[in-house]
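Structure first, commentary second.
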Amino acid sequence: MKMNMFYPLYVWKDEHSAYGASFPDLPGVYTAADELTELPTMAQEAVDAMYATGGVLPPPSAVEKWKHAEQYQDGFWMMVEITAAP
């Protein structure tokens with residue numbers, strides 16, 4: 001059975017670059033997209049690639065846990081629905 005969970009995704013954009021994004025709850029999972037509308041799909045692909053060998057996704061945290069951290073001050077947040085196998 002697959003589970004859908006909403007994870008906070010931190011998004012930034014440097015001049016002349018694509019949007020970059022990372023999941024604070026999923027260390028090492030990064031993605032990028034040229035358009036904001038592509039980020040949810042790219043984020044799902046990044047999670048699938050990182051956890052393809054059977055890793056278990058930790059539960060998502062609330063964005064409030066991360067939003068005041070120094071490393072997350074130059075971008076913005078999206079909540080992204082991630083589908084994972086149990």
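Among the residues of segment 70-83, just one is without any contact (Cβ under 8 Å) to a residue 24 or more places away in the chain and assigned to a loop (DSSP other than H, G, I, E, B), namely GLN73. Mind checking which residues of segment 12-34 are under 8 Å from the mean Cα position of the chain (by Cα) and either small (Gly, Ala, Ser) or outside any loop (DSSP other than H, G, I, E, B) (or both)? Of everything in segment 12-34, those that are under 8 Å from the mean Cα position of the chain (by Cα) and either small (Gly, Ala, Ser) or outside any loop (DSSP other than H, G, I, E, B) (or both) turn out to be ALA21, SER22, TYR30, THR31. Looking at VAL47, VAL56, can you tell me which residue is over 13 Å from the mean Cα position of the chain (by Cα) and not aromatic (Phe, Trp, Tyr)? Selected residue: VAL56, the only one of VAL47, VAL56 that is over 13 Å from the mean Cα position of the chain (by Cα) and not aromatic (Phe, Trp, Tyr). Pairs meeting the criteria (first residue in segment 1-27 and more than 19 Å from GLN73 (Cβ to Cβ) and touching a residue at least 12 places away in the same chain (Cβ under 8 Å), second residue surrounded by 13 or more Cβ atoms within 10 Å (Cβ to Cβ) and of a type in the set (Asp, Glu), beta carbons under 6 Å, at least 6 apart or on different chains) are TYR7/ASP25. The set of residues in segment 63-74 being over 13 Å from the mean Cα position of the chain (by Cα) and more than 16 Å from VAL29 (Cα to Cα) consists of GLU64, LYS65, LYS67, HIS68, ALA69, GLU70, GLN73, ASP74.
Going residue by residue through segment 35-50, is there one that turns out to be surrounded by 10 or more Cβ atoms within 10 Å (Cβ to Cβ), part of a loop (DSSP other than H, G, I, E, B) and without any contact (Cβ under 8 Å) to a residue 60 or more places away in the chain?
Narrowing segment 35-50 to residues surrounded by 10 or more Cβ atoms within 10 Å (Cβ to Cβ): 36, 38-50.
This time we only want the ones that are part of a loop (DSSP other than H, G, I, E, B), so: none.
No.
Residues in segment 51-69 that are in a helix (DSSP H, G or I) and either surrounded by 12 or more Cβ atoms within 10 Å (Cβ to Cβ) or touching a Ser or Thr at 6+ places or on another chain (Cβ under 6 Å) (or both): VAL63, LYS65.
Search segment 48-60 for residues being within 14 Å of VAL29 (Cβ to Cβ) and among the small types (Gly, Ala, Ser), and hand back the single one that is modelled with the highest pLDDT. Quick ask: steps written out before the conclusion?
Pass one, segment 48-60, residues within 14 Å of VAL29 (Cβ to Cβ): 48-53, 55-58, 60.
Checking the rest, the ones that are also among the small types (Gly, Ala, Ser) come to 49, 52, 55.
Working: ALA49: 91, ALA52: 80, GLY55: 77.
Ranking the qualifying residues of segment 48-60, first place goes to ALA49.
The values are calculated or read from the model by the stated rules, or taken from the named source; none is laboratory data. These numbers were taken from a predicted model, which means no experiment stands behind them. Methodologically, a virtual Cβ is constructed for each residue, glycine included, from the backbone with ideal geometry; neighbour enumeration extends over all protein chains shown.
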